[in-house]
């Protein structure tokens, strides 16, 4: 009980700004956890959604203008951004400006896509309105996901607070499992490309050896 009291006091002071920083950067995991903590009464679900919306919206606005003013320098300097450039362009060609709406739901492209959209000729006003809608829907979906996780647990447990830490660990485990499955799926999808690259390198090495 003493630990729960300390946790409550800490979250009252630091909870919302930590959520803001987390959602400014990436934030699915911290937002789901914040939704669960809102169910437990440590935070307010409306405040969680509003904070996540603000952090997510302002984050993408920042990345968009970063791309607009410094994007080409970033491509030359940071290889991680440059490697995803072609994949991001394919998504932009397929979905157009709507890609900003789905960028929050695509693991690994949350930051890159707004930067690349900033490099393109997409009007800043168009980006702003799409970003508003995307940030609000994303904040609501993931916050309510964590909240409903707690609500679902209450249907099976008489006193959820007694199993609070076990539920938090289960939630963290679920999020980590989802990440691992996604990473494996992406690795599997890129396997043919890696094999083609290996064959090209082997062929190039054989030709150089013949010379």
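No lab work stands behind these numbers, since they all come straight from the coordinates. These numbers were taken from a predicted model, which means no experiment stands behind them. Here the Cβ positions follow ideal geometry from the backbone for every residue, glycine too, while neighbour counts run over all protein chains shown.
For the reader, a short list of remarks on this structure follows.
- Approximate spin-label separation residue 18-residue 120, in nm, with each point projected 7 Å along Cα-to-Cβ: 3.7
- Potential extension, residue 9-residue 82 segment - 0.36 nm per residue separation minus Cα distance: 22.0 nm
- Modelled FRET efficiency - R0 25 Å, residue 102 with residue 66, Cβ distances, 0.05 increments: 0.80
- Cα shape, region 2-160, gyration tensor, a/c 1.5 rule: prolate
- Pairwise FRET efficiency - residue 152 versus residue 58, Cβ, R0 = 45 Å, nearest 0.05: 0.90
- Rounded to the nearest 0.05, the FRET efficiency derived from the C-beta distance between residue 129 and residue 25 at R0 = 35 Å is 0.95.
- Point-to-point label distance, residue 93-residue 137, nm (Cα→Cβ direction, 7 Å offset): 2.5
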